[in-house]
Amino acid sequence: MAAPSRIAGLASEPTLTSTVVDRIRNDILRGVLPPGEKLRLEHLAPRYAVGRTPLREACCRLASEGLVTIEDQRGFRVVPISRADLLDLTRTRQQLDTLALRGAMARGDISWEGEVTAALHRLLRRTPASSDGTLDDDWEAEHGRFHATLLGACDSPWLLKFCATLFDQSERYRRLAVSHGRHARDIEEEHTALVRATLARDAERACALLVEHIARTTELVLAAHPGLSVNEPVSESLPTKQRSASRKA
């Protein structure tokens, strides 16, 4: 079973607007267009070498993904970040990703198992960041493909679409936090253990590991980003039942 595209749908040649959407989305996720920044079409036009009409359409599409806000009579702005938003995003992603993972494990065939194994192998061949903290764009791309492939056998296009949107939102926070420092984490083992449990069709353990994986990312983001860190234990705000299950397994 083939892994889905970023958002499930019919394959087609990218239009000018779709290309601009991808470029602006990437710049938002990488922090090139920082949270809260005003998106002035007259400034974006020369940057992306397109006219204002495709830029306006692209911003409207990104607004539907929750990456851009539309301000009445004032244009567009990159969605700001906040601790409350990240915690809400994390809880929602934990719930929907585990629902999709259960669906994928119930319906995935041997072809899907091979795709998951290959996606993990490609991811493990890359390093998340260089010694100076610079993110590896190839690792970022493979990381996205890995998570999409893991859920890819789920037969709900709507659920996969929501999961893809939440993943992008989570990645924006993670990438923004990297510039403020990195914390020790065996991310390779987290991904490997998740695949091991998934291919063993151990749904309870796989979902517990996925919940823990997502929560761990949020904990590190909150600890690293000065604008999100407060003197409050993260465990009080994030699900703990499933996370405890992953430690006991």
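Among 162-170, 135-143, 218-226, sorting by the average number of other beta carbon atoms lying within 10 angstrom of each residue, highest first, gives 162-170, 218-226, 135-143.
Electrostatic tally near G31: other residues with Cβ closer than 14 Å to its Cβ, Lys and Arg +1, Asp and Glu -1, net -1. The residues Y173, Y48, when put in order of fewest to most other Cβ atoms within 10 Å, stand as Y48, Y173.
Sorting E171, E42, E204 by the number of Cβ atoms found within 10 Å of their own Cβ, with the fewest placed first, yields E42, E204, E171.
Averaging the Cα positions of each part gives two centres, and for region 30-49 and region 153-219 these lie 29 Å apart.
Look at T134, T69, T149, T192 and count the other Cβ atoms within 10 Å of each Cβ; fewest to most, that gives T134, T192, T69, T149.
A short reminder: the numbers here are calculations on the coordinates, not readings from a lab. Keep in mind that this is a model prediction, so the values were computed, not measured. Positions of Cβ are generated from backbone atoms using ideal geometry, with glycine treated the same way; all protein chains shown enter the neighbour counts.
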